[in-house]
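Beneath this line is the structure, given in structure tokens, with notes to follow.
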Amino acid sequence: MSRIRTADFYYGAVLSKLMSRGVDPVMIESGSDRRIYEVNTRGTSFTLFVKYKTHKEAASKDGINSWRFSIKEDMPLLREHMEKNKNLVMALLCGADELGESELALLDCNEVNRMIFLDKETISISRRRGEKYYRIANGPDREDSFEIKSNRFEEFF
């Protein structure tokens, strides 16, 4: 019997979105906690670094959903890829109990570099229901954060 791991569902969702846009990613590293792909689209080549969380953190009273991604073990690899290829995109698949409610946040190379510069061990990402931006925490509270658009998929692909 061939078992399908939970990770395969989440990484498969990202691959499905890419392929539906005519993008043919090539996997260069496979693991249960991350996958790395080389992607060529519209004449641009970049490295796609994908992580996922199956569930959000406990939802807040004011409708803010948040996810926390550990990148401590990924930091050397992120640095290496940034040195080799400045065009790196990090895809954070933010899971939900209802799989169809899951979200995909994309960080460009400057935002990834910011996480590296801050020597972050985790990426905390949140979005208030209805907002058009995610917030990526720089510090301990939500006000110390920077914003990224929630619908960036079309920008990159």
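The values are calculated or read from the model by the stated rules, or taken from the named source; none is laboratory data. All values derive from a computational prediction rather than experimental measurement. Positions of Cβ are generated from backbone atoms using ideal geometry, with glycine treated the same way; all protein chains shown enter the neighbour counts.
Here's the yes/no breakdown for (1) modelled with pLDDT of 90 or more; (2) of a type in the set (D, E, K, R); (3) in contact with a strand residue (DSSP E or B) (Cβ under 9 Å, 6 or more places away or on another chain); (4) surrounded by fewer than 20 Cβ atoms within 10 Å (Cβ to Cβ):
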residue	(1), (2), (3), (4)
R3	no, yes, no, yes
D24	no, yes, yes, yes
M27	yes, no, yes, yes
H81	no, no, yes, no
Which residue out of S60, S45, S32 is touching a helix residue (DSSP H, G or I) at 6+ places or on another chain (Cβ under 9 Å) and modelled with pLDDT under 90?
S32
Quick count over region 22-46, residues being more than 19 Å from Y10 (Cβ to Cβ) and in contact (Cβ under 8 Å) with a residue 24 or more places away in the chain, is 4
Considering region 37-65 alone, what residues qualify as being among the β-branched types (V, I, T) and farther than 24 Å from A96 by Cβ?
V39, T41, T44, T47
For N65, the lone unmet condition from (1) among the polar types (S, T, N, Q); (2) exposed (fewer than 15 other Cβ atoms within 10 Å of the Cβ); (3) in contact (Cβ under 8 Å) with a residue 60 or more places away in the chain is (2)
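To keep it simple, each residue is scored yes or no on (1) out of contact with any Phe, Trp or Tyr (no Cβ under 7 Å at 6 or more places or on another chain); (2) among the charged types (D, E, K, R); (3) more than 20 Å from Y10 (Cβ to Cβ).
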residue	(1), (2), (3)
E57	no, yes, no
I64	yes, no, yes
M82	yes, no, yes
D97	yes, yes, no
E103	yes, yes, no
I123	no, no, no
N138	no, no, yes
